[in-house]
Amino acid sequence: MYDHKDIERRWSLQWEKDNTYRTEDQTDGSKCYVLAMFPYPSGSGLHIGHARTYVGADIYARMKRMQGFHTLHPMGWDAFGLPAEGYALKNKKHPKETTEENIAVFKEQCMRLGLSYDWDREIATTDPAYYKWTQWIFLRLFEKRLAYESHEPVNWCPSCKTGLANEDLEGGRCERCGSAIEKKPIRQWMLKITDYADRLLDGLETLDGWSEYAKEVQRNWIGRSEGYRIPFAVPSCDYTISVFTTRPETLFGCSFVAISPESDHLQALLKDAENKDAVAAYCKQSEVLKVHEREKEITGVRLEGIVAKHPITNSEVPIFIADYVLAGHGTGAIFGCPAHDDRDFAFASLQKLPVVQVIEGDDDLPIVDVADDARLMHSGSYDGVLFEEAKDGIAADAGGERMVTYRLQDWVFARQRYWGEPIPLIHCSVCGVVPVPDEDLPVLLPEVASYEPSGTGESPLAAIDSWVNTTCPVCGGPGKRETNTMPQWAGSSWYHLRYIDPHNDHALVDKEKERYWMPVDRYIGGMEHATRHLIYARFWQKVLYDLGVVGTDEPYSVLRTVGIVQAEGGGKMSKRAGNVVDPVKIADTVGSDALRLYLMQMAPFNQTVAWDGNQIAGARRFLERVYAMKDRLSDDPVQGSLLKVQHQTAIAVTESIESGKYNTGVSALMVFSNALQKQIPQEAYCVLLRLLAPFAPFLTEEVWSFLGKKGSIHTESFPVGDQDIAKQGEVEVAVQVQGKVRGVVSVPRDASQEAVVALIAKHDALSERVSGRTVRVFVPNKIISYV
RNA sequence: GCCGAGGUGGCGAAAUUGGUAGACGCGCUGGUCUUAGGAACCAGUGGGGUAACCCGUGGAGGUUCAAGUCCUCUCCUCGGCACCA
């Protein structure tokens, strides 16, 4: 039994002392920027999911470093945000204090796991020297009019007492605490991410290093939808309702127009409606329903006394308010064609409106999925035209034009909470909203006695008069500071840049260094960030690119997502269920190396896995065997099949780390070690150690030093497998008769068909099998097939 | 409903991309050593059969000398989005 505690403690200290993992400031030669998504330093320490993510990233970085790449592999802390504040409130300590404590624990635990970070580049989003630049970016957004003030109702979490972005919701509930979200009109700062919707979409096409899945999730989130805007005049109000549709060909089947209860159209129409009160009551009620458990039932109320004109037939069309029409999509208004849409059909049934079929089809109405070759009917001059071909014509006849709409909404960027970056703006009664000059950054988050959320829609900062009251940087008159803070996602939207140049006080990042290190060559983290952090970070990167601050508009060229580690037997780990696996405890009992190896061995990196406490014994057993081998070394040369296996292993391990299928790399290492059990040439053993080093950094370093090698194994070169050697020697060719494998023959590599046939003839059982048969197919080194 | 990823031994999983299915590990069975073993080592381990053989990658068809892999249909599981017009 090797003493993992002793070994791991000693080498942790040694590496720190020797700066083994320091990244020098280089700007030439091959580089590799390996970044794992930094954690929010919670009070419960690293969890097993962190361990899986960071070990996977670390192994990659270690291999690249050994392969001679200038490798940047940093770590930091996403320390602002609601949970930090909640934790501090619970423990009755200032979030600054608890954050510092938690960071210290996380850092210690990272070291325990043998993660090869360059700690000189450690960052924390809560560090004023860091958030100075977060604020700086905000000012650039403000200058570009990408940040704007809004008083529109926003998603309000009554429990967290703050406004939230759409990205922070899950099915109408707060993603964090599960509370039902309300709509509340509070003063907000918004970022115009919708201006970048198309670029965020187009950029995905260039990201070959992202999984199709991750890209698809983002496409879904952005939700681009191409259609037409069609005008429906309402003569009595002197107003025109623009409706959005992707199916203008159904326009002749229109039997009503419906607008969202929250849409802007309402005001213009309401003044002439005869039932104002009923409409107002409906709107109020639907607002409540909409945000809570969404009613699947379609409801609506007619605007009495006014009608819209059908843009082609000029017939009168009733106008309704209906809550199945969304204000945020398209124009907030639709035309209803009950014959060819489920919801319009349901609504028409409810309101007893006519249903006119306009596309041919034999099914019962509504016919939603029409055949590709379906033709129009009841559509005036378009009767008999293929519906696809009628779209543009009908839209044009109706005076419509093309329009694109998105599911993505502007980013609600203000939080009415304490623990975040202050938004660096000043409100002046004379000059309006004025940015804090760059040279006055950072706007420090003030010390405060009570940082509990006020719940009034104002941040706790608003209560600090001495901080709020300041002078206007433009006119010198009295001004008040903006009291909202930024969301947690702000700091993480650009942190990949700061690691490159973490101590720079004069610029966000040095241009030359940025051009060298960016983009991130491998970004590793959880899929749950696909619709928030990854969208936000790509958005900011594009803005910074437009400003010339960075030289590339996509920050992460390769994205590897890590699968969730479930509890033993499946399901979510939770404190309540008592099935939480603590990586540090595992490291205590079997060692970090065994933990690392097991985490990688269990399944491909991106796959969900369930923890299995029994399997880890196999990893430890393997390491034990490797350790024991050090006392049985021989001076024999490495040759024959052993040399072959050695090169196969080097190829397999390299490939496995490169592809994220670490599990096959681990098994290749085990195969190699098994092959070495009878005879262990020192040379082969050293290759095994170097191939194993990224997975088990402590044990391999210990043995390396035991063997009297100078320097760290982690600065040695990574073994390169030779394809020719890996393939040399005999190969087994399968012998198939009538499609069934009947045996194998061992033949020299690239043996000809004649040679293989000759060998089979010498083989008693097989020669009988194939006698009288003819060779149908011969694939060298693989198979010979008789019929 | 739309989109994405998957279904392979008792379990986690491999499979050079159409060429010996189940590598590697866990577990299990037998053995060696030991005062002892929930340690170590050796051997075995998809199912059926004494055997030759037969069956086997969610299911049903198909293409092929050859299919886990390709095609058609179908059933489940997980994940994302969803009154999106």
Scan the range A:502-528 for residues that are surrounded by fewer than 19 Cβ atoms within 10 Å (Cβ to Cβ) and either within 16 Å of RNA strand B (Cβ to nearest atom) or of a type in the set (D, E, K, R) (or both) and jot them down. A:ASP505, A:ASP510, A:LYS511, A:GLU512, A:LYS513, A:ARG515, A:GLY526, A:MET527, A:GLU528
Could you tell me whether the range A:307-324 includes any residue that is exposed (fewer than 15 other Cβ atoms within 10 Å of the Cβ) and within 11 Å of RNA strand B (Cβ to nearest atom)? no
I'd like to check something: does the range A:376-393 contain any residue that is over 27 Å from A:ALA258 (Cα atoms) and not hydrophobic (A, V, I, L, M, F, W, C)? yes
Qualifying residue in the range A:600-608 (condition: within 25 Å of the chain's Cα centre (by Cα), part of a helix (DSSP H, G or I) and either at pLDDT 95 or above or within 14 Å of RNA strand B (Cβ to nearest atom) (or both)): yes
Checklist (1) modelled with pLDDT of 95 or more; (2) surrounded by 14 or more Cβ atoms within 10 Å (Cβ to Cβ); (3) over 30 Å from A:PHE672 (Cβ atoms) applied to A:ASP593, failing item: (3)
Could you please find all residues in the range A:772-785 being near RNA strand B (Cβ under 8 Å from one of its atoms) and of a type in the set (D, E, K, R)? A:ARG776, A:LYS782
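Yes/no matrix, rows are residues, columns are (1) aromatic (Phe, Trp, Tyr); (2) out of contact with any His (no Cβ under 6 Å at 6 or more places or on another chain):
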| position | (1), (2) |
| --- | --- |
| A:ASP3 | no, yes |
| A:ARG10 | no, yes |
| A:ARG22 | no, yes |
| A:GLN26 | no, no |
| A:SER30 | no, yes |
| A:TYR40 | yes, yes |
| A:HIS50 | no, yes |
| A:TYR54 | yes, yes |
Checking A:ARG769 against (1) more than 23 Å from A:GLY640 (Cα to Cα); (2) near RNA strand B (Cβ under 9 Å from one of its atoms); (3) at pLDDT 85 or above, which single condition isn't satisfied? (3)
Could you list, in sequence order, the residues of the range A:325-352 that are aliphatic (A, V, I, L, M) and near RNA strand B (Cβ under 9 Å from one of its atoms)? A:VAL325, A:LEU326, A:ALA327, A:ALA333, A:ILE334, A:ALA346
Assess whether A:ALA652 counts as being surrounded by fewer than 20 Cβ atoms within 10 Å (Cβ to Cβ) and among the small types (Gly, Ala, Ser). no
Among (1) away from RNA strand B (no atom under 13 Å from the Cβ); (2) among the aliphatic types (A, V, I, L, M); (3) over 29 Å from A:LEU269 (Cα atoms), where does A:VAL355 come up short? (3)
Subset tally (residues that are within 22 Å of A:TRP411 (Cβ to Cβ), in a loop (DSSP other than H, G, I, E, B), at pLDDT 95 or above and not aliphatic (A, V, I, L, M)) for the range A:432-453: 1
Pairs under 9 Å by beta carbon, first residue touching a residue at least 24 places away in the same chain (Cβ under 8 Å) and more than 14 Å from A:ALA619 (Cα to Cα) in the range A:656-683, partner among the charged types (D, E, K, R) and crowded, with 19+ Cβ neighbours inside 10 Å, six or more apart or different chains? A:ILE657/A:ARG62; A:ILE657/A:LYS64; A:GLY660/A:ARG560
For the range A:58-105, which positions are surrounded by fewer than 23 Cβ atoms within 10 Å (Cβ to Cβ) and not in a helix (DSSP H, G or I)? A:GLN67, A:GLY68, A:PHE69, A:HIS70, A:ASP78, A:ASN91, A:LYS92, A:LYS93, A:HIS94
List the residue pairs whose Cβ atoms are under 7 Å apart, where the first residue sits in the range A:315-335 and is farther than 21 Å from A:LEU408 by Cβ, the second is near RNA strand B (Cβ under 6 Å from one of its atoms), and the two are 6 or more positions apart or on different chains. A:ALA322/A:ILE298; A:PHE335/A:THR245
State all residues of the range A:468-481 that are outside any loop (DSSP other than H, G, I, E, B) and either of a type outside the set (A, V, I, L, M, F, W, C) or under 22 Å from A:LEU89 (Cα atoms) (or both); if no residue qualifies, say none. A:ASN469, A:THR470, A:THR471, A:PRO478, A:GLY479, A:LYS480, A:ARG481
Can you tell me how many residues within the range A:617-647 are more than 8 Å from RNA strand B (Cβ to nearest atom) and over 23 Å from A:TRP704 (Cβ atoms)? 4
Residues that are at pLDDT below 90 and more than 11 Å from RNA strand B (Cβ to nearest atom), drawn from the range A:215-237: A:SER236, A:CYS237
Single unsatisfied condition, A:PRO697 versus (1) within 14 Å of RNA strand B (Cβ to nearest atom); (2) within 30 Å of A:TYR627 (Cα to Cα); (3) not polar (S, T, N, Q): (1)
Which numbered condition in (1) more than 8 Å from RNA strand B (Cβ to nearest atom); (2) more than 30 Å from A:VAL775 (Cβ to Cβ) is the only one that A:ASP750 fails? (2)
Only one of (1) among the β-branched types (Val, Ile, Thr); (2) closer than 28 Å to A:PHE69 by Cα; (3) at pLDDT below 95 is not met by A:THR456, so which one is it? (2)
Hits in the range A:25-47 (condition: surrounded by 17 or more Cβ atoms within 10 Å (Cβ to Cβ), within 23 Å of A:SER557 (Cα to Cα) and among the hydroxyl-bearing types (Ser, Thr, Tyr)): A:TYR33
Within the range A:359-375, restricting attention to residues that are surrounded by fewer than 23 Cβ atoms within 10 Å (Cβ to Cβ) and within 24 Å of A:ARG229 (Cβ to Cβ), which residue is nearest to RNA strand B (Cβ to nearest atom)? A:VAL368
Picking from A:LEU365, A:LEU350, A:LEU326, A:LEU376, the residue that is modelled with pLDDT of 85 or more, over 25 Å from A:GLU401 (Cβ atoms) and aliphatic (A, V, I, L, M) would be A:LEU350
Of the residues in the range A:500-552, how many are of a type in the set (Gly, Ala, Ser) and free of Cβ contacts under 8 Å to residues at least 24 places away in the same chain? 2
Take the conditions out of contact with any Pro (no Cβ under 7 Å at 6 or more places or on another chain), closer than 27 Å to A:ILE7 by Cβ, within 10 Å of RNA strand B (Cβ to nearest atom) and not in a loop (DSSP other than H, G, I, E, B) and apply them to A:ALA594. Does it pass? no
Tabulated pairs, the range A:404-417, first touching a residue at least 24 places away in the same chain (Cβ under 8 Å), second assigned to a loop (DSSP other than H, G, I, E, B) and among the charged types (D, E, K, R), C-beta under 7 angstrom, 6+ apart or interchain: A:VAL404/A:ARG224; A:TYR406/A:ARG224; A:ASP410/A:LYS192; A:GLN416/A:LYS161; A:GLN416/A:GLU458
From A:GLU205, A:GLU212, which residue is surrounded by fewer than 17 Cβ atoms within 10 Å (Cβ to Cβ), more than 13 Å from RNA strand B (Cβ to nearest atom) and within 32 Å of the chain's Cα centre (by Cα)? A:GLU205
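The values are calculated or read from the model by the stated rules, or taken from the named source; none is laboratory data. Quantities reported herein were computed from a predicted structural model and do not represent experimental measurements. Here the Cβ is made from the backbone with ideal geometry for all residues, glycine too, and neighbour counts use every protein chain on show.
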